[in-house]
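Accompanying notes for the structure given below.
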Amino acid sequence: MQHPNAPLYQQVKRILVGAISRGEYEPDQPFVTQREVCERYGVSTTTAVRALNELVADGILVRRRGKGTFVADRSGRPATDAGGPAIACVVQGLSGPHVSQIVRGVESVCAQRGYRMFLSESDGSADRQGRALRQAIDTGAGGVVLYSVEGETNTDLIEELRHRRIPLVLVDRYRTDLATDAVVADDFGLGYDITRELIERGHHRIATLWTETNCTSVRDRLTGHEHALREYGLPILPELTRLRPYHTLSGGSQRSALSRLLDNVEPPTALLCANGYILARAATDLLHLSGALPADVELASMDDAGPYDIAPLTVLSATLPSTEIGQQAAELVIDRIGAEDPYRDVRRIVLGVRIRRRDGIAARLQATAAR
């Protein structure tokens, strides 16, 4: 071997890089295995593993779960400061744990498989999301993980990703108008299970409070909620179940809307909130209205994303598999890179949701009417 003074793993690495540079191994083709490196160069397993791991970290090789190690197709991908390919991760924002854990999941898989992650925030703006997607296209990102804003936006840019064979994986929600890979929570099951639990607790009039209304995650939760109501023979009442963005109202308007809801002859006995942010807002509004409440009201949340731990405020809350969503999305987008058609046989991966129960008196907030 050349460079006898260099550590043995570096000598092996240098030889392998030379072989790749000479075209002895084609891009996106299986590479020599750890065992073959040991036999060919007479080195230990430890040396072979370290040499291969460094090539992965440099972006020269990629590992694909269940398939092995491959020579990276680096054409059309940006070189980072470490020389490796990049994945663009575009999200709505990082203010809550749900999105930040998704990003953490994407980042962990990218690091394991020798990819760099570039993070962009849209802040819920279709224009900002469009600029982030345009940047990913123009800089030659290997793939895109997208936590999309509300609505069917930026369709032209997503079609351009398809045309350029840049794989796209949506997280948290999917598009009904476009065939793309997506990794989501079981939102239908979430809406059904948490509603069923509330009904079993004796609640037959459950009001829903929402944030976004024009996305599949919300609509699937509402569908699950309505399915549970039908199963128990309860009516679906527009004043309790219709999609309405509670969070866009000002503080006074929120309290007025909540007061009108609770001022019915048969008021709701439970408020089922879209997430922890809505629940925190509703809890504050209930405290302002508690002197006029007609009955006890319990709170539940369809996910635990919020400004703080919402568990002490709820009788029920759902815990989303946020980190796993990010991990599965990153694995999927990386496995699609280099495919002849990364949009063929698209997949929708649905991950289970856990419902948390809080039955102790001190472990929940209950707004009670003054008597």
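Is it fair to say Asp309 is within 15 Å of the chain's Cα centre (by Cα), part of a loop (DSSP other than H, G, I, E, B) and at pLDDT below 90?
No, not satisfied.
Yes/no matrix, rows are residues, columns are (1) over 23 Å from the mean Cα position of the chain (by Cα); (2) among the aromatic types (Phe, Trp, Tyr):
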residue: Leu168; (1), (2): no, no
residue: Arg205; (1), (2): yes, no
residue: Thr216; (1), (2): no, no
residue: Tyr232; (1), (2): yes, yes
residue: Glu239; (1), (2): yes, no
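Among the residues that make up segment 184-191, is at least one of them in a helix (DSSP H, G or I), in contact with a strand residue (DSSP E or B) (Cβ under 7 Å, 6 or more places away or on another chain) and modelled with pLDDT of 95 or more?
Yes, segment 184-191 contains a residue that is in a helix (DSSP H, G or I), in contact with a strand residue (DSSP E or B) (Cβ under 7 Å, 6 or more places away or on another chain) and modelled with pLDDT of 95 or more.
Taking only pairs six or more apart or across chains, which ones have beta-carbon atoms under 6 Å, a first residue in segment 9-22 that is within 17 Å of Ala72 (Cα to Cα), and a second residue that is surrounded by fewer than 19 Cβ atoms within 10 Å (Cβ to Cβ) and at pLDDT below 85?
Lys13/Glu54
When you look at Glu150, is it among the charged types (D, E, K, R), surrounded by fewer than 19 Cβ atoms within 10 Å (Cβ to Cβ) and modelled with pLDDT of 90 or more, yes or no?
yes
Working carefully through the options Ile194, Ile199, Ile236, find the one that is surrounded by fewer than 21 Cβ atoms within 10 Å (Cβ to Cβ), assigned by TED's automatic domain parsing to the domain that holds Ala282, assigned to a helix (DSSP H, G or I) and among the hydrophobic types (A, V, I, L, M, F, W, C).
Ile199
Quick one: which residue in Arg201, Arg173 is under 25 Å from Pro245 (Cβ atoms) and either in contact with a Ser or Thr (Cβ under 7 Å, 6 or more places away or on another chain) or modelled with pLDDT under 95 (or both)?
Arg173
Which of the following residues is surrounded by 12 or more Cβ atoms within 10 Å (Cβ to Cβ) and farther than 19 Å from Ile334 by Cβ: Arg35, Arg64, Arg14?
Arg14
Of all residues in segment 321-356 being exposed (fewer than 14 other Cβ atoms within 10 Å of the Cβ) and among the charged types (D, E, K, R), which is farthest from Ala141 (Cα to Cα)?
It comes out as Arg354.
Which one of these is in contact with a Pro (Cβ under 6 Å, 6 or more places away or on another chain) and outside any loop (DSSP other than H, G, I, E, B): Ala283, Ala207, Ala228, Ala257?
Answer to the check: Ala207.
Which of the residues spanning segment 202-214 are out of contact with any His (no Cβ under 6 Å at 6 or more places or on another chain) and either crowded, with 20+ Cβ neighbours inside 10 Å or within 27 Å of Asp263 (Cβ to Cβ) (or both)?
Gly202, His203, His204, Arg205, Ile206, Ala207, Thr208, Leu209, Trp210, Glu212, Thr213
The values are calculated or read from the model by the stated rules, or taken from the named source; none is laboratory data. Bear in mind that the values here come from a model prediction, so they are computed numbers and not experimental data. Note that each Cβ is placed from the backbone with ideal geometry, even for glycine, and that neighbours are counted across all protein chains shown.
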